[in-house]
1. For chain A, what does the helix formula give at 222 nm: sum of -39500 (n - 2.57) over DSSP H segments with n ≥ 4, over the residue count, nearest 500 deg cm²/dmol?
2. Can you compute the modelled spin-label distance between A:Arg93 and B:Lys4, with each label point 7 Å from Cα toward Cβ, in nm?
3. Pick out the long, greasy-scoring helices in chain B: whole DSSP H runs spanning 20 Å or more along their own axis by Cα, mean Kyte-Doolittle at least 0.0.
4. Order A:13-26, B:38-51, B:158-171 from most to least packed using the mean count of other Cβ atoms within 10 Å.
5. Using a 7 Å offset from the Cα along the Cα-to-Cβ direction at both B:Val126 and A:Gln22, what is the distance between the two label points in nm, to one decimal?
6. Extension gain B:Met46-B:Leu171, at 0.36 nm per residue separation less the Cα-Cα distance, in nm?
7. If you count, for every residue in A:35-45, the Cβ atoms of partner chains within 10 Å of its Cβ, what is the mean?
8. If you build the Cα gyration tensor of region B:1-124 and take the root of 5 times each eigenvalue, what three semi-axes come out, in whole angstrom, biggest first?
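Read-outs throughout are calculated quantities, based only on the coordinates presented, and are distinct from any laboratory measurement. The model shown is predicted, which means the values in this text are computed figures rather than measured ones. Here the Cβ positions follow ideal geometry from the backbone for every residue, glycine too, while neighbour counts run over all protein chains shown.
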Amino acid sequence: MINLETMPLTEAVFYILISMDQPIHGYGIMQSVERMSGGRVKLAAGTLYGALNTLVEKKWITALPSAENSRKKEYQINDSGKAAVATELARLRELLENGEKVAGGWNDDEKGL
Amino acid sequence: MMKKVCKLFMAWQFEEEEQWLNQMSRQGWQLEKTNGLLYTFQQGGMDKYQYRVQMVDSLSKSGDYLQFLSEAGIEHVGTCFNGLWIYLRKQNNGEPFELFSDTTSQLHHLQKIKKQLDICKALFCVVYLLECILSLFDPHRINALCLLVFLPFLMAICHGLGTLSEKIKTLEKEKLIHD
């Protein structure tokens, strides 16, 4: 049986989750993710909307009641979401360490030749 | 100036439809409204908008989605099939306008279209089968409706399902390696 909780997160989901430390609305997430990734990750609206709904259903994020004068819905990460990010970070750290152990030497080998 | 064009695109041709709308935009014709068959264009800036077509759950459920899109500067210009398909546009800022930025969501969209087509195909098969059974009991029954309408339509749907399945397969293969 696959343990869904330890499955890798998609890049979009990971960036969405870490952009939600403070309450943030949809368009704010797009801007924040683009800024954090130095312009590399541009979330498209359909992808973001689908991910937000799934994350609310999974109870990793909370949709906040919208303010009176604003129709913009805001979201914030909750404790289960934070736990998911922590699990993912541990997995990424492992990837990075193992990857660097092996591939880090590849460049030196080439230089040696 | 305004221009009305009547044109038919099948569900699996939505990408061709987008290309056509963007082609019109480059020629200075901006889609103002449509019901999926009749397209009303308004003359205005060359390449002013970029267009996308999307299948959604239903318009009643997608009100929230349209609000979400408008925050990102995406306008809703038309609807067809009782809100199953929506037509969207965004001012051209030099960057490509995409609705899906990863394979997972792109795949999800294609699978949604395929599911609807599968239902259509099943319905047509049932009707066709009923016709065949009826004509067994009544040899004089002329199956013109069946031959001229149902069968070509059924074949078109099967062809469309094939096209979609190919696209889905390609994306699924890609997903084995990339996110």
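1. Numbers: 4 runs with 66 residues, N = 113.
Computed mean residue ellipticity for chain A: -19500 deg cm²/dmol.
2. 6.6 nm
3. Working: long enough: B:103-137 (51 Å, 0.67); B:151-177 (40 Å, 0.42).
Both cut-offs are met by B:103-137, B:151-177.
4. Values: A:13-26: 19.1, B:38-51: 16.1, B:158-171: 14.4.
Result, highest mean Cβ count within 10 Å first: A:13-26, B:38-51, B:158-171.
5. Distance between label points: 5.5 nm.
6. Details: separation 125, 0.36 × 125 = 45.00 nm, distance 3.30 nm.
Full extension of this stretch gives 41.7 nm more.
7. Details: counts 0, 0, 0, 0, 0, 0, 2, 4, 6, 12, 17.
Mean shielding count: 4.
8. On the way: eigenvalues 113, 62, 37 Å².
In descending order, the three semi-axes are 24, 18, 14 Å.
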